[in-house]
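> Shown below is the structure under consideration.
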Amino acid sequence: MSRRGGGRRQDSHRDQQSSSPSPSFQRGGGGGRGGRDGSGRAGRGYNPAPTFNQAGPSRPSAFPPISRSPASAFHPRIMSVAPSQTPPQALASSSRASPSQAAASSSAAVEELRLEMEQKLTTGDQVTKAETPPATSKAVRFTPRPGFGTAGKKCVIKANHFLVEIADRDLCRYDVTITPEVASKKVKRYIISQLVSMYRESHLGNRMPAYDGRKGLYTAGPLPFESKEFVIKLVDENNGAGSSASTTKESHFQVAIKFASKADIHHLRRFLSGRQMDAPQEMIQVLNIVLRASISENYSTVGRTLFSPNFGPRDGLGDGIEYWRGYYQSLRPTQMGLSFNIDVSATSFFEPIMVTEFVAKYFSLKDMSRPLSEQEHIKIKEGLKGLRVELSHRENAECHRITSVSDQPLNQIFFNLDDNNTNMSVVQYFRERYNIELSYTSLPALQLQARSDSNPIYLPMELCRIVEGQRYSRNLNLRQVIALLKATCQRPHERENSIKRIIRQNNYSGDELVRNEFGIQVKEELTFINARVLPPPMLKYHETGGEASVVPRLGQWNMINKKVVNGGRVEFWTCVNFSLRVNQNVPVEFCRQLIEMCVSKGMEFNPNPILPIQSANPSQIGKALADVHKQCTAKLSNGKKRLQLLIIILPDVSGSYGEIKRVCETELGIVSQCCLPRKAARLSKQYFENVALKINVKAGGRNTVLNDAIQRRIPLVTDVPTIIFGADITHPPSRVGTDPSIAAVVASMDWPEVTKYRGIVSGQAYREEIIQDLYKSYHDPDRGLIHSGMIRELCIAFRRATGHKPSRIIFYRDSVSEGKFSEVLLHEMNAIRKACSSLEEEYLPPVTYIVVRKRHHTRLFPVDRGETDRSGNILPGTVIDTKICLQKEFDFYLNSHAAIQGTSRPTHYHVLYDENHFTADGLQVLTNNLCYMNARCTRSVSIVPPVYYAHLAALRARYYIDGETSHGGSSGGRSTTGRSREVQPLPMIKDNVKDVMFYC
C-alpha cells in the first residue's frame, strides 16, 4: 500500500463519480479553446474537445470553476492568457444517479478503459509454422520513429560503440546442476573449465562452451547428447576461495548437463533488418555471455561491469573503502547492426585490511580498548554482516563469512575444550595454543559461518582480514563521492584513449571462444556518427533590465544587466543563524546584501524583517523554528498574511538540513532558503546572484521564459493548453529494505510559458518501479467511488492556475530500467487515462510518454577539436538519432549541457507512446530548449528540467524521513533505524509550500 505525501486538502480533490457511459480511448479532449485565435484548433494529432454535458445521467466536472484571473497572467505586458471558457456547470441533483449506480457504472468504465488501453499498447506477433516464434506471444509496441531529425548544424562525432558481426550458427542453451551445491562463481567456473578440459574431445563433440557462472552453459551448435552427468575431482588447495579443508583433500562434484533451448540466429537477423518487431533478448544475452566468458575469469564481475585491482591505480576513499577501476561492456541491437558498447568505470570495494583496522576507520572508533556502547555494537554488527574474512593465524588462510558478532566482549567469552571439558576463555586459548596475546579484548568476537548452527565459530577481529575483491554496495557519503570523481575524472580524449586500450587488450576477435567457436568478430574502431547541433533558444528577461533577451553561448549565460522576467514579492521575512563560527555581524550584512541583489534582479523585497535577525542554538533547531513561527503568526494577526520566507544560515556541522526542511515544510508551513555558513561569511556577489534566483521562484516568480513560448511558436505546446509532467522515483540504499521508495511528480502550472512546476511526493513499497499513486480510487458507502491521485491533483491545480484544462499531456519519466519499459508504460498510461476520465466524461487529452535515461554508458567524442566546448567535449545541443539508436523506435541522444569537467554524458530519450504525433525535430528541439529553463542556474542542464525537479522533490522527501543520510554513504550503511521500522507514510507538505517551487 502506498503512502501519500504532499498535503492535499481534505475534500477539494475528491468527488463522487456518477453513472456515465464508458469513456472512449480517443485523442483530443481537454478543456478550453487555445491558440491565438481562440478557435481551439491545434497542431497535428489534436482533436477538438468532446462535448462534456450530454443528455441523460451524467457526472459533473471535477475541475474547479474559475472566478478570478489566472495567476500566471500577472504580467500582462509580457503575455496575456485568454480567459478560460465557461466551465461546465454541475447538473441538477435530480439528474444524478444514486451512489451505488454511480460506483457500478464508474467501475465498468474504468475497467473498460484499462482493457482498451492495454489492447492499444499490446499486440500479438503473427508467425507462420515455418518461422521461429518470437520470445513472447505478446509484445508491447512502442511508438515508431516518425522520421529523422534535420534541424541544427551538421557535424561528425564518435561514439564508444563498436560494430559486431556474427556467423550463422545456432546457439544452444544447456542447464547445469552442480552437486553438492557451490556458492562461489569462481569455483563453479573452475569446475566447468576442468570438465571442458577433460571431456571436450571425448564427450562434448569438440565444442568449447561458454559458461555464465550460474546455471547456463551455451554452445555454438548442439552437443552429442540431450542429457549427461559427469564427475569432476578437485584437489582443494585452500587458496582462500572456498573451504577450510587441507591441501590434500579431494572434492568430488557431480555435474549434470541437460538441453534447455535453442536460439535461432534467424530471429536476430530478422529483427536487425526490421522484419521482426520483438527483440530476441535470449540470443543477445547469449552473445553477451560469450563475449564476457573468457575475460571474467580474471576480473570481479558486477552486473555487466568487470573490475580488477590491476586494471589501473587504486586508492582509498576513506572509512576503509577503496575504489577499483574497470570497464562496462554490453551488446545491443542498433540501426547499424549489433553494437558493442564499452566504457571505463570505477566502483568502491572494501579495503583488504584487518577487521580491527576497518572497524576503527568505518565506525570512527578512536579508543579500541574501551567496551562498546549498545548503539556502537548494533552498528558494528550490521556493518560487518556478510563480509568474507580470511584467518591470519594459520598457515593455510581459511575463508569464512561473517554472520554476526558476539553479544559479549572477547574477554567474557568462554568455551569447553573438546578433549577434557576444560572451561577456557578465548583470550587464554589463543595465548596458550598460538602464543598470541590479543590486544582488543573489549571488542566483540566475530561469529563466522559454520556447517552447524549449534556450534558457531567465534574468532577475534584482530586475527581476521577482509578478503580482497568484495564490492561495497552501500551509498558513498559526499566526501567519498567527491574523492571518487576526482580520482576517475577524465577529459574526453583521455577517456577515448582508455576505451581504445581496453578493446586492444581484450582482443575479442583473437579470442578462441569468441572468434573461432562462436564466429563473433568485434571491430576495433569507434563508430563515426552524423550528428547535429541544435541552436540555443532565445531567453526573455524583463524589459526594464539592460538586456531584455539573451541567446546563450556554449550552454551558459549570466545575469549581468538583466532582471528576472517576473519578480516575486517578499513582504514578510526573517533570518535565523544556527552557525556558532560566523561573526555576529555577518547575518545582518549577509541579509542586507542578499536583499539588495534580489531587488536589483527585479524582485519586490521588503528590506525590513518582520522579526529581528537572530542566532539560535544548533542543538535546538526544532524549538527555534517553532518559536519564530509562533512570533510571526502573532505579529501577523490577519489570518491571510503569513511569513513568506525564512532565511537560514545552517549549523557549522552538517546533518541538520533534513530536519530543518522537514520542520519548515511539513510542520510549520514555512518556505525557507538555507545557506552554508562558509558561503554566507564570504559575502560573494556570485553566490548572492545564485541564491536570488532560487528565492525568486520560491516567492512565486519566474526567472526567465522562452521567447518562443511568449510568441506562441512552440509546436504542440503553445497552440493549446499543455501540461508538462516530470516523474522520478528514488530508492533507499540496497540494504535498507524497509524504507520506502519515494515517487515524485511535478507538473507545469503556467501556460504557455511552462516554467513553474508544482510538486507532489508519495511513499511506496521498497524498490517498486511503478508509481503507485498516479491514480487512486476507493468505494465509499455513502458517496460511491471516490477518486484521488497525483495526476488528478496536478490537473486540477493547472486549471486553477491557468484557467484552462490541460488539452495535451507531455510526460517525461525517469528511473525506469530497460527491462521494465512495457510494464511501467502499461500501468502508468492506464493510471493517467483513469485520472483524466475521473475529472470529466470523455476527457482524454492526448499523451506523449517519454522515458529519460541518464544511467547508460554511451559517450560521445568530438572529431574536430575546433567544434568543442571549453572542456573539450561535444557542443551543447548535440543530438543524434541514427546509427547507435534503435532501429524502429523513437529515441535519441541529446547532449544539452556544457560539461564543467570530465566527459559529458548525453541523456537518452525514448518515446514509448505518442498520441500528439511529434516529429523528430519537434520533440528534440522542445527538449533541448527546456534544458535552458532550469530555475537554479544560468546554464543549460543535462536532463530536462521537469525530471530534474522531480528528482529534487523526491530527494527532499527522503530528507524528511532519513535526515542527512539521504545522500547515502557510510553513515547510511551504518544506520539501523531504517531496518527496524515499517514503511512509513511521508509527512504531509503544507499547501502554501506546495504552491511554489520549494524544492529548488
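Read the figures in this text as sums done on the coordinates, not as results from a lab. Computed from a predicted structure; not experimentally measured. All Cβ positions, glycine included, derive from the backbone under ideal geometry; neighbour counts span all protein chains shown.
> In Å and whole numbers, how far do the C-alpha atoms of the range 679-780 stretch along each principal axis, longest first?
48, 44, 27
> Using 0.36 nm per residue of separation minus the Cα-Cα distance, give me the extension gain between residue 422 and residue 392 in nm, one decimal.
8.2 nm is the gain from fully extending residue 422 to residue 392.
> Given the C-alpha centroids of the range 151-171 and the range 542-597, what is the distance between them in whole angstrom?
Between the Cα centre of the range 151-171 and that of the range 542-597, the gap is 48 Å.
> A follow-up question, please. Where a Cα-Cα gap under 17 Å defines reach, which aspartates and glutamates qualify for residue 630, not counting those fewer than 8 residues away within the same chain?
Excluding near neighbours in sequence, the set is 665, 667.
> Ok, one more. With both bridge residues required to lie in the range 567-698, what share of the DSSP beta bridges run antiparallel, to the nearest 5%?
Working: 0 of 13 bridges.
So the antiparallel bridges amount to about 0 percent of the total.
> While we're on this one: Return the aspartates and glutamates within reach of residue 228: Cα separation strictly under 20 angstrom, same-chain partners fewer than 8 residues apart disregarded; answer none if there are no such residues.
Of all the aspartates and glutamates, those that pass the test against residue 228 - Cα under 20 Å, at least 8 places apart if same chain - are 175, 181, 201, 212.
> Given points 7 Å out from each Cα along the Cα-Cβ axis, report the residue 569 to residue 478 separation in nanometres with one decimal.
Between residue 569 and residue 478, the simple spin-label model gives 3.6 nm.
> While we're on this one: At what distance in nm do the modelled label points of residue 471 and residue 887 sit from each other, each positioned 7 Å from its Cα along Cα→Cβ?
With each label point 7 Å from Cα toward Cβ, the separation is 3.1 nm.
> What residues of the range 179-218 lie in the reach of a label at residue 261, counting those whose backbone N is under 19 Å from a point 7 Å from the Cα along Cα→Cβ?
210-218
> Okay, moving on. How long are the semi-axes of the ellipsoid equivalent to the range 780-869, from square roots of 5 times the Cα gyration tensor eigenvalues, in whole Å, largest first?
Values: eigenvalues 283, 64, 21 Å².
Gyration-tensor ellipsoid for the range 780-869: 38, 18, 10 Å.
> Related question: Ratio of alpha-carbon Rg to the 2.2 N^0.38 Å globular estimate for the range 479-576, to two decimals, please.
Details: Rg = 25.8 Å, N = 98, 2.2 N^0.38 = 12.6 Å.
Compared with the compact-globule rule of thumb, the range 479-576 sits at 2.05.
> Taking the mean number of other Cβ atoms within 10 Å as a proxy for protection, how do you rank 712-722, 330-340 from highest to lowest?
Numbers: 712-722: 22.3, 330-340: 19.2.
Result, highest mean first: 712-722, 330-340.
> Can you bin every Cα-Cα distance in the range 567-698 into 10 Å intervals starting at zero and give me the percent of pairs per bin, rounded to whole numbers?
Spelled out bin by bin, the range 567-698 gives 12, 47, 36, 5 percent.
> Let me ask you something else. For 909, 429, what's the fewest-to-most ordering of other Cβ within 10 Å of each Cβ?
Values: 909 22, 429 17.
Lowest count first: 429, 909.
> Past 27 Å, Cα to Cα, is the threshold; run 500/883; 158/854; 661/694; 685/994 against it and keep the listed order. Write down the numbers at each step before the final one.
Working: 500/883 20 Å; 158/854 19 Å; 661/694 15 Å; 685/994 29 Å.
Long pairs (Cα-Cα over 27 Å): 685/994.
> Moving on. Figure the gain on full extension for residue 548 and residue 442 (residue separation times 0.36 nm, minus the Cα-Cα span) and round it to one decimal in nm. Show your work: numbers first, answer last.
On the way: separation 106, 0.36 × 106 = 38.16 nm, distance 7.01 nm.
In short, 31.1 nm is gained.
> Taking 7 Å along the Cα-to-C-beta vector as the label spot, tell me the residue 782-residue 501 distance in nanometres, rounded to one decimal.
7.4 nm
> Next up: Using Cβ counts within 10 Å as a stand-in for footprinting exposure, how do 753, 282 rank, fewest first? Spell out each step's value before the answer.
Numbers: 753 24, 282 16.
Arranged by neighbour count, lowest to highest, 753, 282 become 282, 753.
> Please state, to two decimals, what the Cα-based radius of gyration of the range 355-466 comes to when divided by 2.2 N^0.38 Å (N = residues). Before the final figure, lay out the partial values.
On the way: Rg = 13.6 Å, N = 112, 2.2 N^0.38 = 13.2 Å.
So the range 355-466 has a normalised radius of gyration of 1.03.
> For a quick protection proxy, order the peptides 642-648, 366-372 by their average other-Cβ count within 10 Å, most packed first.
Numbers: 642-648: 22.7, 366-372: 11.9.
Descending packing order for the listed peptides: 642-648, 366-372.
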